[in-house]
1. If Ala271 satisfies all but one of (1) within 14 Å of the ligand (Cβ to nearest atom); (2) free of Cβ contacts under 8 Å to residues at least 60 places away in the same chain; (3) assigned to a helix (DSSP H, G or I); (4) in contact with a helix residue (DSSP H, G or I) (Cβ under 6 Å, 6 or more places away or on another chain), what's the number of the condition it fails?
2. Which number in (1) touching a Lys or Arg at 6+ places or on another chain (Cβ under 8 Å); (2) among the polar types (S, T, N, Q); (3) not assigned by TED's automatic domain parsing to the domain that holds Ala83 marks the one condition that Ser97 misses?
3. May I ask you to list the residues in the stretch 225-247 that are within 11 Å of the ligand (Cβ to nearest atom) and assigned to a loop (DSSP other than H, G, I, E, B)?
4. What number of residues in the stretch 78-107 are within 25 Å of Lys173 (Cα to Cα) and surrounded by fewer than 21 Cβ atoms within 10 Å (Cβ to Cβ)?
5. Step by step: first the residues of the stretch 339-362, then only those that are within 9 Å of the ligand (Cβ to nearest atom) and within 14 Å of the chain's Cα centre (by Cα), then the one that is surrounded by the most Cβ atoms within 10 Å (Cβ to Cβ). Which residue is that?
6. Going by what's in this entry, would Ala213 be described as surrounded by 18 or more Cβ atoms within 10 Å (Cβ to Cβ) and either in a loop (DSSP other than H, G, I, E, B) or within 11 Å of the ligand (Cβ to nearest atom) (or both)?
7. Considering the stretch 387-426 alone, what residues qualify as being assigned to a helix (DSSP H, G or I), touching a helix residue (DSSP H, G or I) at 6+ places or on another chain (Cβ under 6 Å) and farther than 30 Å from His289 by Cβ?
8. Condition check: crowded, with 18+ Cβ neighbours inside 10 Å, of a type outside the set (Phe, Trp, Tyr) and either in contact with a helix residue (DSSP H, G or I) (Cβ under 8 Å, 6 or more places away or on another chain) or not in a helix (DSSP H, G or I) (or both). Does Leu181 satisfy that?
Amino acid sequence: RPVIVWFRDDLRLSDHPALHQAAASGGPLICIYVFDEDSAQLRSPQARPLGGASRWWLAQSLRALAASLEKRGARLILRRGPAAAIIAELARQVDASAVHWNEIEIAPHRAVADDLAEALSVAGIDHHRHRGDLLATPAQVRTKEGRGLRVFTPFWRRVLGLGDPPKLLPAPKTLSATQGLSGDQLDSWMLEPTKPDWAGGLRESWTPGEGAAHHNLTAFLDGLPGYTEGRDRPDCAATSRLSPHLRFGEISPRQVWYAARFAAAERPAIAGDIDKFLSELGWREFCRHLLHDHPDLAERNLQASFDAFPWITDAAALHAWQRGGTGYPIVDAGMRELWHTGVMHNRVRMVVASFLVKHLLIDWRCGEQWFWDTLVDADAGSNPANWQWVAGSGADAAPYFRVFNPILQGEKFDPAGDYVRRWVPELASLPAKFIHQPWTATPFELAAAGVTLGGNYPEPIVDHRVGRERALAAYAKTRQH
Ligand code: FAD
């Protein structure tokens, strides 16, 4: 009798508990991915459809997974519609002996899996829910009162205290597949843009799939040391570029954990960098655990005092921010990098988020939504948790009164201006001393660099000092409530 493996946000073959167990059971396999935009939303209003950049990534990742399965003798069946109903029906049709999947610890996804589990139980078909893509499950990291931890350092200490995560599972070498099942053509799902085709920059920047994920991990670990300082420099390629691969489960955090630990054991000189890197992976965990405890993380302030915050509606300013036209080079560079590549350097994410929320007084949810649509690593936990962190409304958040100065941030983390020059080419000929504040150059110096403020590059949309004071005044009002 066939065994079904339901692929979800785990588009890989190695360290895939569900696939591993299903393959070990010996029956012919049916590997299925269901594109289901509605079930999670029906079960929970907080679930959102994938953003545009994520849809593009998903299409590439499914192609890569299908190719890897084919190499091993199996096939990826694609279906679209309500996942629980489709898989339960398939299991009945083929008289499956069992259905396996890896758990996703996000409420709407769990709810869909619960529906499937129930339908299978009614039909008398076995199902096995395997451990998902977290180093520690939410149940393992609780206070005495049974609540999740809201401060990162004790959270991460507790995760580290659990010791190594479960051992890695190898990819099955060969798979026996069930023949004759029909599925959708991936193109019929229209995940990729056509007219206009805005994905050129994504194609240039990324190779989705399990192979590329491991390539990035190896290249990153070989290139250390220097992560601890380098990770803050958008002008250097010092980080792992693993985030979209982790988001779609092309690599598991356990694989990253063991590879990093192994590298540190081999080269003690990089042990400090490895600890820092693993703690970043810890932030991913922390965000996921927060989401587990607060399914409305993308909608509701974790700190209720922010419910009274006097956000303003300013469509023109929001548009200027989205398109990289604020007149602050480091902000504009970040927003253009995001539009072109589907990611933005972490330091710059903090700067642009702070600028939107504080200098422009625009609700963090507007920025979070834009990131959700444009990031290839858009994550239901990390994105809102980090936005709330920057806004000051979140868990273990930066205080609202800490307003990033976009000029100083630029000068500190992009000292020669190389990052700005790359993404804001109209400023490329400006000397470094003006690159983060072009308005301080004389008209002669601007003309020599081919820059016309208010012409080919905008004047600052808001004066830094004015914006900062306005933000602090708004915050003071909130605190009076
Ligand atoms: P590395 O420095 O190599 O870090 C390794 C891994 O650790 C990353 O791949 C990522 O999985 C995790 N990580 C690192 N920093 C963080 C962090 N602050 N929070 C959570 N996980 C982290 N990351 C996402 O994966 N998805 C998002 O939607 C997302 N939205 C963000 C929004 C804002 C406003 C900010 C400030 C940060 C956001 N981040 C998000 C976190 C971070 O910017 C990216 O994870 C990082 O830039 C990815 O690059 P990397 O893989 O080279 O990171």
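The values are calculated or read from the model by the stated rules, or taken from the named source; none is laboratory data. Here the structure is a predicted model, which means the values were calculated and not measured. Glycine gets a Cβ as well: all are built from the backbone with ideal geometry, and neighbour counts include every protein chain shown.
1. Condition (1) is where Ala271 drops out.
2. (3)
3. Within the stretch 225-247, Arg231, Asp232, Pro234, Ala237, Ala238, Thr239, Ser240, Arg241, Leu242 qualify.
4. 5
5. Checked the stretch 339-362; the qualifying residue surrounded by the most Cβ atoms within 10 Å (Cβ to Cβ) is Met344.
6. yes
7. Across the stretch 387-426, the qualifying residues are Pro406, Gly410, Tyr419, Val420, Trp423.
8. no
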